[in-house]
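Undergrad: One structure is given below, represented as structure tokens, and several questions about it will come after.
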Amino acid sequence: MNHFLYPICAAISLIVLLFKVRLLRADRSVPQLAIVGLFASLFLTYLVSSPLVWVATSKAVGIVNFSGLFTQGLVIVTNGFQQLLLLHLTHEPEVARRKLRPRLIALALVLLTMIVLFSAATSEHENPNDFALSKAQFYPAYLVVYLLAHIANETDVSIMCWRHAKVAPSPWLRRGLFINAWTLPLALIYSGCRLADVVAGQFGVSGTAWEPVAQLSVAASAIGRTIGWTLPDWGPSLSKLWQPVTDRRAYQKLEPLHRAVTDGVAVHGVSLSSETGLKARLYRRLVDIRDAQWELRRWMDTDLAVEAEQACGAAGLTGTDRAAVIEAAQLRFAIEAKKRGLEPSDRDSTPLATDPADLASELDFQLKLARAFDSSSVVRAILAERKFSAVPSKEPLL
């Protein structure tokens with residue numbers, strides 16, 4: 001398996017490394033340098049782990065199985081680069097350096113301990129295909145130190161990824177960090193297999209049975225990390241490719257709300273034909289809904305807004321979900337009141353319960369508004385008390 005799995009991982013890491021090195025011409029920040037170091041370490045790890053390169057490297061150095069120490073040491077170095085990257089993404093440089101210092105000291109001590117233990121674990125022949133497996137029985141201390149350090153560092157990296165993902169400034173960085181965090185189980189499976197090798201070796205038993213699991217899990221973890229750390233670079237391109245589909249869905253989801261609020265209500269602006277681009281028609285639909293909402297405000301009830309706020313509080317709704325339900329209840333009430341011929345008031349206050357910051361936020365909110373308008377159980381309950389039958393009986397989504 002090593003003959004094709006590790007070269008593939010090395011090739012993927014090399015491609016990413018070359019791309020990241022090119023970016024250094026414009027950005028030589030610490031995070032960018034750290035990610036270059038990260039993929040350089042991954043590339044060398046999987047390159048030297050390939051059987052042919054393994055033997056050649058050890059022979060060139062003149063130390064039997066030196067490639068084992070080299071590649072496993074690079075795994076620890078890779079963890080260090082990830083910690084450096086995450087700390088500088090999350091904290092100011094001075095704070096990041098302070099938090100990084102004890103981690104680097106710990107990594108240096110681990111590497112020094114590994115070198116000392118490896119020196120006592122010399123062999124008479126190379127083991128490019130089963131280095132960890134063959135060393136488990138005779139040199140458990142070396143592997144235990146390496147594996148415990150690997151588990152601790154991978155856990156630390158995953159926790160930092162998870163925490164930073166919650167405050168990441170862009171959606172694709174957030175997704176990438178979540179992917180990195182979820183590679184932890186794969187790293188734990190690999191480490192578990194290697195620890196099982198050590199235990200089995202003490203009883204004279206080989207871990208050959210689960211060796212494919214160890215190799216596949218470590219390769220999958222590396223690929224997951226590669227995807228996670230590069231997703232912010234190529235993820236936006238996926239968004240652009242998928243954008244027409246997203247716009248089409250949004251346009252269709254807003255259709256019932258648009259039809260209901262604009263029926264018999266004057267909206268401003270130029271009508272667009274079906275030949276007009278989808279993005280323009282979607283924007284026009286958003287504007288029409290807001291224009292109609294302002295026209296309908298004269299039939300809205302201030303007391304109803306208070307009741308809707310209280311109902312949302314009881315239902316545990318917050319943020320834009322809460323605002324969508326309040327606006328949906330007001331719109332349902334206003335439409336029904338207008339249909340019944342009730343006299344409009346001179347109300348000049350805003351009919352809006354929130355003020356989205358940009359067009360993307362506006363679209364997201366109006367989709368929530370459309371869902372609440374169509375099928376919110378809270379809206380149904382509020383209007384039922386007013387003895388309005390305007391809300392269809394559907395399964396609640398809010």
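Undergrad: Could you check the range 369-388 and list, in sequence order, the residues that are open to solvent by 20 Å² or more (accessible area, probe 1.4 Å) and over 30 Å from the mean Cα position of the chain (by Cα)?
TA: 374, 377, 380, 381, 384, 385, 386, 387, 388
Undergrad: For the range 203-216, which positions are at pLDDT below 90 and farther than 17 Å from residue 148 by Cβ? Walk me through how you get there before you give the answer.
TA: First, the residues of the range 203-216 that are at pLDDT below 90: 203-212, 214-216.
Selection gives 203, 204, 205, 206, 207, 208, 209, 210, 211, 212, 215, 216.
Undergrad: In the range 327-366, which residue that is part of a helix (DSSP H, G or I) and surrounded by fewer than 17 Cβ atoms within 10 Å (Cβ to Cβ) is modelled with the highest pLDDT?
TA: 364
Undergrad: So, in the range 193-216, exactly how many residues are among the polar types (S, T, N, Q) and open to solvent by less than 20 Å² (accessible area, probe 1.4 Å)?
TA: 1
Undergrad: Would you check which residues across the range 233-247 are open to solvent by 60 Å² or more (accessible area, probe 1.4 Å) and of a type in the set (A, V, I, L, M) and list them?
TA: If the condition is that a residue be open to solvent by 60 Å² or more (accessible area, probe 1.4 Å) and of a type in the set (A, V, I, L, M), then 238, 241 are the ones that fit.
Undergrad: Hand me the list of helices (runs of 4 or more DSSP H) wholly inside the range 30-110 holding 3 or more residues that are within 26 Å of residue 160 (Cβ to Cβ) and open to solvent by less than 50 Å² (accessible area, probe 1.4 Å). Outline the logic, then answer.
TA: Working: elements: 30-49, 51-61, 66-90.
In the range 30-110, the matching helices (runs of 4 or more DSSP H) lie at 30-49, 66-90.
Undergrad: I've got another one for you. Show the residue pairs meeting these rules: Cβ distance below 7 Å; 6+ apart or different chains; first residue within the range 27-38 and closer than 16 Å to residue 79 by Cβ; second residue polar (S, T, N, Q).
TA: 38/78; 38/82
Undergrad: Quick check on my filter: what residues within the range 291-300 are open to solvent by less than 40 Å² (accessible area, probe 1.4 Å) and in contact (Cβ under 8 Å) with a residue 40 or more places away in the chain?
TA: Across the range 291-300, the qualifying residues are 293, 296, 299, 300.
Undergrad: Looking at the range 138-175, which of its residues are open to solvent by less than 60 Å² (accessible area, probe 1.4 Å) and of a type in the set (Lys, Arg)?
TA: Residues satisfying the conditions do not exist here.
Undergrad: With respect to the numbered conditions (1) over 20 Å from residue 76 (Cα atoms); (2) touching a residue at least 40 places away in the same chain (Cβ under 8 Å), which one is the sole condition not fulfilled by residue 209?
TA: Every condition holds for residue 209 apart from (2).
Undergrad: Please identify the pairs in which a residue from the range 310-324 that is open to solvent by 50 Å² or more (accessible area, probe 1.4 Å) has its Cβ atom under 8 Å from the Cβ atom of a residue that is of a type in the set (Asp, Glu), counting only partners at least 6 apart or on another chain.
TA: 320/364; 322/309
Undergrad: Test residue 254 against the criterion of being modelled with pLDDT of 85 or more and either surrounded by 20 or more Cβ atoms within 10 Å (Cβ to Cβ) or within 20 Å of residue 114 (Cβ to Cβ) (or both), and give yes or no.
TA: In short, yes.
Residue by residue, here is whether (1) small (Gly, Ala, Ser); (2) modelled with pLDDT under 95; (3) closer than 26 Å to residue 11 by Cα holds:
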residue	(1), (2), (3)
48	no, yes, yes
51	no, yes, yes
55	no, yes, yes
62	yes, yes, no
69	no, yes, yes
72	no, yes, yes
79	no, yes, yes
86	no, yes, yes
118	no, yes, no
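Undergrad: For the range 295-331, what are the residues that are among the hydroxyl-bearing types (Ser, Thr, Tyr) and under 14 Å from residue 370 (Cβ atoms)?
TA: Selection gives 320 alone.
Undergrad: Same structure again: Are any of the residues in the range 223-237 within 30 Å of residue 330 (Cα to Cα), outside any loop (DSSP other than H, G, I, E, B) and aromatic (Phe, Trp, Tyr)?
TA: No, the conditions are met nowhere in the range 223-237.
The values are calculated or read from the model by the stated rules, or taken from the named source; none is laboratory data. Just so it is clear, the structure is predicted and the values come from calculations on it, not from any experiment. So basically every Cβ, Gly included, is an ideal-geometry build from the backbone, and we count neighbours across all protein chains shown. Quick note on the areas: whole protein, heavy atoms, side chains included, nothing else; ligands and nucleic acids left out. Shrake-Rupley method; radii C 1.70, N 1.55, O 1.52, S 1.80 Å.
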